[in-house]
1. What pairs come out if I take residues in the range 39-51 that are part of a helix (DSSP H, G or I) and pair them with residues that are at pLDDT below 90 and not acidic (Asp, Glu) whose C-beta lies under 7 Å away, six or more apart or interchain?
2. Does residue 51 meet the test of being loosely packed, with under 10 Cβ neighbours inside 10 Å and on the phi < 0 side of the Ramachandran plot?
3. Count, please, the residues in the range 54-80 that happen to be surrounded by 15 or more Cβ atoms within 10 Å (Cβ to Cβ), of a type outside the set (Gly, Ala, Ser) and under 29 Å from the mean Cα position of the chain (by Cα).
4. For the range 39-61, give me each residue that is in contact with a Gly (Cβ under 8 Å, 6 or more places away or on another chain) and among the aromatic types (Phe, Trp, Tyr).
Amino acid sequence: MLPATYHGQPEGEIPDLPQGFRASIPQADTVVRAARNDVYLVVIGWMYVVLMMSVAEATNTTGSVLGAIVTFFLYGLLPVALVVYLMLTPQRRKAIKAREAAELQAQQQAAASADPDAGGHAAGAAQAPGVSPVRKEP
């Protein structure tokens, strides 16, 4: 653990950095986007390999087109779809939570603006004490 002051800087403060150095530090969302792009690059590469395996299966003298189709689906599409689905689950959850929070906020704003009597006051002018609110039958 570092002492409370480290090279003259109070704890929690970032020391002065050279001009432009802070801009070169990647932000968290940039790192996430870069990792997601790497995943897509791996998916594209794997699909290319599986496509070449399928072409080799179809063009081989002992191979068949049916074998190529089965190879493409079982080695390519199904595993890749499963991996992409599992890897994008956190992003889907985050999007669902953001959408629910936006809907809740919209409902709260609508409820606050739609109820004119939210102040708890009487909903009309006060009537004189001598006037009955309901007419009596003769």
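The values are calculated or read from the model by the stated rules, or taken from the named source; none is laboratory data. Please read these numbers as outputs of a predicted model, since none were measured by experiment. Glycine also receives a Cβ, built like all others from the backbone with ideal geometry; neighbour counts cover every protein chain displayed.
1. These pairs meet every condition: 39/87; 43/84.
2. Numbers: loosely packed, with under 10 Cβ neighbours inside 10 Å: no; on the phi < 0 side of the Ramachandran plot: yes.
It is false that residue 51 is loosely packed, with under 10 Cβ neighbours inside 10 Å and on the phi < 0 side of the Ramachandran plot.
3. Taking the range 54-80 as the starting set, the residues that turn out to be surrounded by 15 or more Cβ atoms within 10 Å (Cβ to Cβ) are 54, 57-58, 63, 68, 71-72, 75-76, 80.
Adding the requirement that they be of a type outside the set (Gly, Ala, Ser) leaves 57, 71-72, 75, 80.
From what is left, the residues that are under 29 Å from the mean Cα position of the chain (by Cα) are 80.
Here the count works out to 1.
4. 46
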